[in-house]
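Please treat every number below as a calculation from the coordinates, not as lab data. Note that the coordinates shown come from a computational prediction; the quantities given were computed from them, not determined experimentally. Cβ atoms come from the backbone with ideal geometry, glycine included; neighbour counts cover every protein chain shown.
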Amino acid sequence: MAKIGSIPWNKGKTNKILHKCALTECNNLTYNTRFCSLSCSGKFGGSLNKGQKHTEEWKQEHSLRVRGEKNGMYGQTHSEEAREKIGNARRGKQDTLETKQRKSQAHKGKKNPNQSRIGVNNGMYGRTHSEEAKLAIRLANTGREWTAEQRLKRAQISRDYWENISEEKKQIRADKISRASKGKIVSSQTRNKISLARVAFYARNYNSDNSGGYPVEWNARLRKHIKMLDGNLCAVCSSTYRMQVHHIDCIKTNCSIDNLITLCTPCHTRFHSSKNNSDSIIRFQYWTFFRAA
């Protein structure tokens with residue numbers, strides 16, 4: 001037993017061994033561990049695993065290990081400071097062409113991941129964007145111009161969607177839009193934007209005569225009469241979804257009954273989006289169908 005006031009024999013001695021970090025590009029020193037930090041350890045492991053792929057079995061096991069309450073972020077949310085750091089780290093970065101091709105190849109043949117985000121599985125289900133988020137989205141898209149390739153791709157996606165959607169879903173979608181728009185007052189600035197956009201659309205897709213306004217005889221009574229003559233059915237697909245009245249010759253000033261026909265919104269949009277919308281054969285088919293009705 002050591003006496004009180006005596007100096008222990010191992011005072012000042014240590015069993016720690018000082019050596020260089022195992023990561024080649026790191027020059028830091030560490031005691032009794034291979035790496036000086038978790039960052040170096042991760043980099044070292046990443047270099048060893050580079051080019052290797054996890055098996056499907058390992059992926060499923062790992063998914064179960066970090067699912068639900070086992071996840072480190074379960075029940076938590078990132079702080080505003082953390083979100084800002086993540087945003088700053090990703091801001092301005094774009095995937096290289098090689099990375100995009102690799103991602104595309106990895107998802108080829110797999111189920112569309114967007115299908116798992118429909119309904120209650122969507123992160124925004126039952127929620128709405130804040131006014132700040134809406135303003136940020138609006139500012140991000142202000143002045144944005146779509147390339148011809150992007151326009152064609154979006155048009156094809158829209159066509160595929162409307163061709164495969166059921167009548168029931170069309171009606172549900174129409175009801176949701178109706179409820180969301182009910183009671184809303186559109187500002188004069190928004191009305192002017194919509195008007196200018198429509199004029200530009202007509203000038204781009206229709207004949208030059210269509211860039212102007214509609215004549216006086218184009219009113220709700222006339223459109224209701226045309227829809228009644230067609231039995232409130234689309235002349236192309238016999239749908240009852242959001243009926244509209246179409247000018248067969250695409251001239252808005254020609255509002256004679258023989259020049260008007262009932263179309264649903266998807267068919268109407270598809271007709272004017274088609275490159276062959278001026279083909280006299282298509283117009284004649286519409287006209288003969290309407291005359292027979």
So, by mean Cβ neighbours within 10 angstrom, what's the order for 235-243, 219-227 with the highest one leading? 235-243, 219-227
Theoretical gain in end-to-end length, Thr24 to Met228 [0.36 nm per residue, Cα-Cα removed]: 65.4 nm
Count the net charge of all other residues whose Cβ sits under 14 Å from the Cβ of Pro266, scoring Lys and Arg as +1 and Asp and Glu as -1. +3
Surpassing 26 Å at the alpha-carbon level, of the pairs Lys100/Lys170; Lys53/Lys108; Lys43/Lys93, are Lys100/Lys170
Förster-model FRET efficiency, 25 Å R0, Thr147 and Ala106, C-beta, rounded to 0.05: 0.50
